[in-house]
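Below is one structure, written out as structure tokens, with a few remarks after it.
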Amino acid sequence: MAQFTVNSYRFDPYKNFKFRVKWDGKYVAGISKVSGLKRSTEVVKHREGGDPSSSRKSPGRTEYDAITLERGVTHDTEFEKWANKVWDYGSGLGKEVSLKDFRKDLLLEFYNEAGQLAIAYKIYRCWVSEYQALPDLDANANAVAIQHIKLENEGWERDDAVPEPTEPSFTLPAQ
């Protein structure tokens, strides 16, 4: 069976370096790294008294791992604004948590090498469980300052409305 239905001539899987993240209907600036989407389902073992010595296995509770987003430190405040909805130090007693809107749905878009949208995932009811505004600072280093947010979530699914794109073919001019 072909790995790609529309582009049956393609053998290479997609590369992992072209993606965008969207929340509140807007793309978030500068995200350079997104951790993997992972879920785990517990195994429930059981047996009846009359069964042989081996047990049966069935699926139990499913957990979705937190997702980490990283980007270089800039003047864009989207990470900080969202993190402050979970806990805003100094906002006053009873106003530290924005219970109405601290959760957001995300859209993770994944592109092929030609920049065409290839796959998208909807990530549901995310909230910031960890926020790092600045990394360790080192006057002797030669690196970009990275900030990150860790997002707890209640599940994700592939957006089936995104079809496999028809990849372009370019012809070179005759010389």
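The values are calculated or read from the model by the stated rules, or taken from the named source; none is laboratory data. Worth saying up front: this structure is predicted, and the values here are computed from it rather than measured. Ideal geometry is used to build each Cβ from the backbone, glycine not excepted, and the neighbour counts take in all protein chains shown.
Summary of computed values
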quantity: Only listed residue being over 25 Å from GLU113 (Cβ atoms) and in contact (Cβ under 8 Å) with a residue 60 or more places away in the chain, chosen from ARG61, ARG39, ARG56; calculated: ARG39
quantity: Residue within the range 23-41 that is more than 30 Å from PRO163 (Cα to Cα) and modelled with pLDDT under 95 present; calculated: no
quantity: Every residue from the range 82-99 that is assigned to a loop (DSSP other than H, G, I, E, B) and of a type outside the set (Phe, Trp, Tyr); calculated: ASP88, GLY90, SER91, GLY92, LEU93, GLY94, LYS95, GLU96, VAL97, SER98, LEU99
quantity: Inter-residue pairs, beta-carbon under 8 Å, first of a type in the set (Asp, Glu) and in the range 16-28, second assigned to a strand (DSSP E or B), 6+ apart; calculated: ASP24/LYS104
quantity: Filtered residue count, the range 128-140, keeping only those that are of a type in the set (A, V, I, L, M) and surrounded by 14 or more Cβ atoms within 10 Å (Cβ to Cβ); calculated: 1
quantity: Criterion (closer than 25 Å to ILE119 by Cα and either part of a loop (DSSP other than H, G, I, E, B) or β-branched (Val, Ile, Thr) (or both)) met by exactly one of THR68, THR74; calculated: THR68
quantity: Number of positions in the range 141-157 that are assigned to a strand (DSSP E or B) and on the phi > 0 side of the Ramachandran plot; calculated: 0
quantity: Subset tally (residues that are of a type in the set (Gly, Ala, Ser) and surrounded by fewer than 12 Cβ atoms within 10 Å (Cβ to Cβ)) for the range 82-99; calculated: 3
quantity: Considering residues of the range 141-157 that are more than 23 Å from TRP87 (Cα to Cα) and within 20 Å of the chain's Cα centre (by Cα) only, the residue surrounded by the most Cβ atoms within 10 Å (Cβ to Cβ); calculated: TRP156
quantity: Sole residue being surrounded by 15 or more Cβ atoms within 10 Å (Cβ to Cβ), touching a residue at least 24 places away in the same chain (Cβ under 8 Å) and assigned to a loop (DSSP other than H, G, I, E, B), chosen from PHE79, PHE102; calculated: PHE102
quantity: Residue, nearest to ASN153 (Cα to Cα), within the range 56-73, restricted to residues that are of a type in the set (Ser, Thr, Tyr) and surrounded by 12 or more Cβ atoms within 10 Å (Cβ to Cβ); calculated: TYR64
quantity: Boolean, ALA118 is among the small types (Gly, Ala, Ser), buried (at least 16 other Cβ atoms within 10 Å of the Cβ) and more than 16 Å from VAL28 (Cα to Cα); calculated: yes
quantity: Residue within the range 22-45 that is more than 18 Å from ASN153 (Cβ to Cβ), of a type in the set (A, V, I, L, M) and assigned to a strand (DSSP E or B) present; calculated: yes
quantity: Lone qualifier among ASP160, ASP138 - being more than 21 Å from the chain's Cα centre (by Cα), part of a loop (DSSP other than H, G, I, E, B) and without any contact (Cβ under 8 Å) to a residue 60 or more places away in the chain; calculated: ASP138
quantity: Residue that is surrounded by the fewest Cβ atoms within 10 Å (Cβ to Cβ), among those in the range 16-55 that are of a type in the set (Lys, Arg) and under 27 Å from GLU78 (Cα atoms); calculated: LYS26
quantity: Sole exception among (1) assigned to a strand (DSSP E or B); (2) closer than 24 Å to ALA161 by Cα for SER129, by number; calculated: (2)
